[in-house]
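The values are calculated or read from the model by the stated rules, or taken from the named source; none is laboratory data. All values reported here derive from a predicted model rather than from experimental measurement. FYI the Cβ positions are ideal-geometry reconstructions off the backbone, even for glycines, and counts take in every protein chain you see.
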Amino acid sequence: MTTRPTLDKMRLDRWLWAARFYKTRSLAAAAIDGGKVQRNGTRVKRASVVHVGDTIRIRKPPFEFTLEVTALSGHRGSATVAQHLYHETSESVAQRELLRTQLRTEPRASFDGKGRPTKKERRQIDRFKRGR
């Protein structure tokens with residue numbers, strides 16, 4: 001039985017994939033390139049190196065995660081294993097819960113119409129747009 005060597009550094013896109021924040025490394029790389037991920041408060045590139053103890057900020061609208069890297073993994077494991085790779089700050093958890101409750105209590109937009117307008121309604125809309 002072979003044991004996996006312990007890692008002391010790894011690529012950021014690979015860590016985000018292994019920690020299950022993104023389904024593929026391509027999605028993780030696109031998020032990093034789009035400025036959605038920061039390491040230690042600065043914008044980084046996808047191949048930047050992550051160390052244990054780094055602070056990672058991930059914006060997945062409408063939520064934002066602030067994490068501390070606790071371990072590195074060279075492969076993608078189960079969700080329970082992935083949770084041991086990071087520790088989310090208490091401020092981040094509180095902000096997400098507050099935003100979650102705000103989104104739940106917001107009024108939802110609803111449409112009471114029947115779908116597409118009829119020919120008569122479409123003519124009325126056209127007249128209204130033309131100003132007659």
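State all residues of segment 76-96 that are aliphatic (A, V, I, L, M) and either under 18 Å from the mean Cα position of the chain (by Cα) or farther than 30 Å from Arg39 by Cα (or both); if no residue qualifies, say none. The answer is Ala79, Ala82, Leu85, Val93, Ala94.
The set of residues in segment 97-121 that are within 41 Å of the chain's Cα centre (by Cα), among the basic types (Lys, Arg) and farther than 28 Å from Lys60 by Cα comprises Lys114, Arg116. Summed over segment 32-47, the residues that are farther than 21 Å from Val93 by Cα and crowded, with 16+ Cβ neighbours inside 10 Å give a count of 3. Scanning segment 77-86 for residues that are of a type outside the set (Phe, Trp, Tyr) and surrounded by 16 or more Cβ atoms within 10 Å (Cβ to Cβ) yields Ala82, Leu85. Every listed requirement among (1) among the aliphatic types (A, V, I, L, M); (2) free of Cβ contacts under 8 Å to residues at least 12 places away in the same chain; (3) closer than 14 Å to Ala19 by Cβ is met by Ile56 save one, (2). All of Thr89, Thr118 fail the test of being surrounded by 10 or more Cβ atoms within 10 Å (Cβ to Cβ), modelled with pLDDT under 90 and polar (S, T, N, Q), apart from Thr118.
Here is a yes/no grid of residues against (1) in contact with an Asp or Glu (Cβ under 9 Å, 6 or more places away or on another chain); (2) modelled with pLDDT of 95 or more; (3) surrounded by fewer than 12 Cβ atoms within 10 Å (Cβ to Cβ):
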position	(1), (2), (3)
Met10	no, no, no
Tyr22	yes, yes, no
Thr55	yes, yes, no
Arg59	no, yes, no
Phe65	yes, yes, no
Ser73	no, no, no
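Scanning segment 15-44 for residues that are at negative phi, among the charged types (D, E, K, R) and touching a residue at least 24 places away in the same chain (Cβ under 8 Å) gives Lys36, Arg39.
Is it true that Leu27 is under 19 Å from Ala79 (Cβ atoms) and surrounded by fewer than 16 Cβ atoms within 10 Å (Cβ to Cβ)? The answer is yes for Leu27. Figure legend. Inter-residue proximity from segment 88-110: first residues part of a loop (DSSP other than H, G, I, E, B), second residues of a type in the set (A, V, I, L, M), beta-carbon distance below 8 Å, spacing 6+ or different chains. Indicated pairs: Thr89/Leu67.
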